[in-house]
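Everything below concerns the one structure shown next.
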Amino acid sequence: MAQVDIEGIKIKIEEEIKKPIEEISIIELVQNLIEYCYKKRASDIHIDPEEERLLIKARIDGIIHLLFTFPKEIHDEIISRIKILAGLRTDEHYIPQDGRFKFYDRENSAEFDIRVSIMPTYFGENAVLRLLISKETSFTLETLGFSERDYNEVKKAIKKPYGMILVTGPTGSGKTTTLYTILKTLNTGNVTIITLEDPIEYSIPGITQIQVNPQVGLVFSTGLRAILRQDPDIIMVGEIRDEETADIAVNAALTGHLLLSTLHTNDAATALPRLLEMGVEPFLIASTVNVIIAQRLVRKICENCKTERQLKTQEIYSILESIGLDLTVENIKKIKKAKFYIGKGCNTCNNTGYYGRLGIFEVLPVTERIKELIMKRANSGEIKSAAINEGMTTMVQDGFNKVLAGLTTIEEILRVIHE
């Protein structure tokens with residue numbers, strides 16, 4: 001997107017909010033605001049009221065940025081406009097409301113969904129708009145960012161006719177993108193694929209997608225039980241949250257279905273003890289789980305202002321410690337020889353030095369050795385050590401390899417891992 005287009009919309013917004021309150025066009029203001037955030041590659045827009053002003057923020061490449069400060073006087077009208085677009089009640093101000101609407105970007109003829117969450121706060125209602133721009137469909141297994149070894153392990157696991165593929169990581173770590181990419185790879189036309197999601201983020205042609213609805217009793221456990229009567233080959237469950245869902249998921253994987261799901265754990269190895277905590281028997285976990293993919297998203301260095309940098313001695317020591325390498329002369333020389341880059345900051349990247357994001361991964365296949373450890377109810381540390389001995393690259397190491405490839409920075413890897 002040309003920088004001049006973005007600046008033009010920004011000027012329109014700034015001119016609009018300088019007008020006398022009664023002359024401000026709320027419809028145009030909201031339209032321009034969403035267009036501006038879309039062109040800035042925002043994933044979310046936050047409209048946060050304070051006592052005397054309205055803050056407009058956007059999450060870009062995973063980081064929140066303050067974009068505008070609007071007069072508090074137009075707060076209610078902006079919230080009302082968003083409620084009208086999302087089909088929500090404009091006369092209700094004291095309960096949370098969720099909705100959705102389609103947005104049309106006039107300049108680029110782009111159409112995408114926006115998910116809306118309205119919440120009453122101390123200074124009035126706020127709004128968070130998630131821009132569901134279907135970039136996920138452009139990814140393939142080859143372009144997700146797996147190393148050659150990780151790619152081969154994932155490919156091997158998804159070729160199996162049954163079993164479980166688990167993707168782990170915190171909210172916003174790209175789990176949905178990975179799952180959708182795997183589903184797209186498996187969606188060959190001669191299999192039945194059914195998903196149970198909360199919420200459905202993107203529509204995938206050729207796949208039956210079901211939205212969880214707790215108000216009518218359609219939760220992950222009841223939905224999964226119903227899906228099994230629909231003759232599926234492949235099932236994707238948005239998240240395994242409780243014992244009942246875990247039990248049904250494992251039994252589905254055991255009875256000839258390939259089941260994909262997510263867990264909230266920090267790394268791949270912790271997913272296995274987590275299933276034990278949910279009451280799943282060790283022999284069932286060992287029999288059903290094919291592979292666990294743990295991931296985070298890191299910001300990529302902006303190619304427009306990418307610059308080589310020299311590391312200080314203390315930084316070299318910190319790097320070696322962070323990635324688990326010994327402080328040997330050989331390792332220090334290896335780091336000193338490597339090239340490291342940083343983004344200086346420019347108009348393209350909003351002076352952040354970063355533009356776009358990529359995944360860092362650790363892929364843990366459930367081998368015979370890992371199965372033995374599961375049967376012994378081994379802790380995550382033992383499982384992780386065994387997996388590393390069998391060739392698993394940890395997320396930190398995968399991130400460091402991407403630093404050496406000039407894709408991201410040491411600071412970014414450490415920020416994300418420490419979070």
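The values are calculated or read from the model by the stated rules, or taken from the named source; none is laboratory data. Everything numeric in this text was worked out from a predicted model, so none of it was measured. Quick reminder, even Gly has a Cβ in these numbers, built from the backbone with ideal geometry, and neighbours come from all protein chains shown. Quick note on the areas: whole protein, heavy atoms, side chains included, nothing else; ligands and nucleic acids left out. Shrake-Rupley method; radii C 1.70, N 1.55, O 1.52, S 1.80 Å.
This model, with +1 at the C-beta of Lys and Arg and -1 at the C-beta of Asp and Glu, gives segment 14-105 a dipole about its Cα centre of some 480 debye. Spin-label model, LYS159/GLU277: points 7 Å from Cα along the beta carbon direction are separated by 3.5 nm.
Considering only ASP267, ASP198, ASP61, give the residue with the highest GNM mean-square fluctuation for the chain, with springs between Cα atoms whenever their separation is below 10 Å. With Cα springs under 10 Å in the chain, the top fluctuation among ASP267, ASP198, ASP61 is at ASP198. Across ILE63, ILE204, ILE370, mean-square fluctuation computed from a Gaussian network of the chain (C-alpha pairs under 10 Å connected) peaks at ILE63.
A convex hull fitted around the alpha carbon atoms of segment 83-160 yields 183 Å³ per residue. Pairs of Cα atoms nearer than 8 Å and 6+ residues apart set the relative contact order; for the chain it is 13 percent. Computed extension length for GLU372-SER385: 3.3 nm, one decimal, from 0.36 nm per residue of separation with the Cα-Cα distance subtracted. Per residue, the solvent-accessible area of the chain (1.4 Å probe, heavy atoms of protein chains only, all protein chains present) comes to 48 Å².
Compactness ratio for segment 6-152: Cα radius of gyration over 2.2 N^0.38 Å (N = residue count) comes to 1.17. Cα-based radius of gyration for segment 106-231, normalised by 2.2 N^0.38 Å, reads 1.26.
Taken along its three principal axes, the alpha carbon spread of segment 275-419 comes to 54, 37, 20 Å, from the longest extent down to the shortest. Here the average projected area of the convex hull drawn through the C-alpha atoms of segment 212-353 stands at 14.1 nm².
Ordered by 1.4 Å accessible area with all protein chains kept, HIS418, HIS93 run largest first as HIS418, HIS93. Among the protein heavy atoms of the chain, carbon and sulfur supply 49% of the accessible surface, probe 1.4 Å, non-protein parts ignored. Once both labels are positioned 7 Å from their Cα atoms along Cα-to-Cβ, the gap between SER287 and ILE21 label points is 6.8 nm. If you average the sequence gap of Cα pairs under 8 Å that are 6 or more apart and divide by the length of segment 180-281, what percent do you get for the contact order? Across segment 180-281, relative contact order equals 24 percent. Set against the 2.2 N^0.38 Å expectation for a compact globular protein, segment 216-256 has a Cα radius of gyration ratio of 1.06. Translational diffusion coefficient of segment 1-87 (Stokes-Einstein, Kirkwood radius from Cα pairs, 25 °C, 0.890 mPa s): 184 µm²/s. Per-residue accessible area (protein heavy atoms, 1.4 Å probe) orders GLU277, GLU107 as GLU277, GLU107, starting from the largest. Just how many % of Cα pairs in segment 185-281 lie over 23 Å apart, if you round to the nearest whole percent? That tail contains 24 percent of the Cα-Cα pairs.
Normalised by residue number, the volume inside the convex hull of the Cα atoms of the chain is 163 Å³ per residue.
Thinking of segment 156-196 as a set of Cα atoms, what percent of all their pairs are more than 11 Å apart? Across segment 156-196, Cα pairs with separations above 11 Å total 72 percent. If you sort the three axes of the alpha carbon gyration tensor as a ≥ b ≥ c, you get a/c of 1.5 or more for segment 49-108 and a/b no higher than b/c, which makes it oblate. The Cα atoms of segment 343-409 give a gyration tensor whose axes a ≥ b ≥ c have a/c of 1.5 or more with a/b greater than b/c, which makes the shape prolate.
Backbone amide hydrogens, once placed in the peptide plane, bring TYR341 within less than 5 Å of ARG309, excluding anything fewer than 5 places away on its chain.
The mean sequence distance of close C-alpha pairs (under 8 Å, at least 6 residues apart), as a share of the length of segment 321-419, puts its relative contact order at 32 percent. Ranking TYR317, TYR354, TYR94 from most to least accessible surface, computed with a 1.4 Å probe over the protein chains only, gives TYR94, TYR317, TYR354.
Placing unit charges on the Cβ atoms of the charged side chains and taking the dipole of the chain about its Cα centre, the candidate lying farthest along the positive direction among LEU85, ILE285, PHE123 is ILE285. Taking 4.7 Å between C-beta atoms as the pairing limit, the chain has these partnerless cysteines: CYS37. Sorted into 10 angstrom bins from 0, the C-alpha pair distances of segment 274-320 split as 16, 23, 20, 17, 20, 3 percent.
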